[in-house]
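Structure first, commentary second.
The values are calculated or read from the model by the stated rules, or taken from the named source; none is laboratory data. Remember, predicted model here, so these are calculated numbers, not experimental data. With ideal geometry, Cβ positions are generated from the backbone for all residues, glycine too; neighbour counts draw on all protein chains shown. Accessible surface is based on the protein model in full, side chains and every heavy atom, while ligands, DNA and RNA are left aside. Shrake-Rupley method; radii C 1.70, N 1.55, O 1.52, S 1.80 Å.
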Amino acid sequence: MSLIRRTGSHRTGSHRTGSHRTGFRRNGPRVTVDEAHSRTSGDRPDAADAVLLDVREQPEWTAGHAPGAVHVPLTRLVAGATLPAQAQGRPLVVICRSGHRSQQAAKLLAGRGAQAVDVEGGMNAWAAAGHPVVDERGNSGRIA
């Protein structure tokens, strides 16, 4: 007798296989850097349908971030920080350096009722795709 029959589940395959076939992602919805750039309108955040929320720490943000992004480190979100006014009540596209912290932040924010997705590959993928990165003065930045 299979585990599925013993537990009474109505699934026809294993959890992992069933999850893969249905497209369910345990860590929540993700978008590519190109989708993130498009949804946050790149260089025109005032015309965007979503806010790009960078959850990296201050030194990382200072070295380089996407123009128009809003910054709240994951550590502050975990500690209960609220979102800045320009991000409240709007869809969020959450980004970090590689995608791990942004997954955590998107899940946390979704638990608070926000509509949040995270960016696959983070700022590393953003820069590799040729999207702009600026430092704190608006000059060409780097991913730290």
Report summary line: Extension length gain for Arg76 and Arg112 (0.36 nm per residue less Cα distance), in nm, is 11.5 nm
Requested in this report: Can you pull a Stokes-Einstein diffusion coefficient for the stretch 33-144 at 25 °C (0.890 mPa s), Rh from Kirkwood over Cα pairs, as a whole number of µm²/s?
Outcome: 182
Report summary line: Residue separation between Ala129 and Gln58 times 0.36 nm, minus their alpha-carbon distance, gives in nm 23.2 nm
Report summary line: If every Lys and Arg gets +1 and every Asp and Glu gets -1 at its Cβ, then about the Cα centre the stretch 22-144 yields a dipole, in debye to the nearest 20, of 420
Query - Per residue, in Å², the accessible surface of the stretch 53-144 once ligands and nucleic acids are set aside, probe 1.4 Å - result: 47
Query raised in the report: Tell me, what is the FRET efficiency for Ala144 and Ser38 to the nearest 0.05, using R0 = 25 angstrom and their Cβ-Cβ distance as r?
Result: 0.50
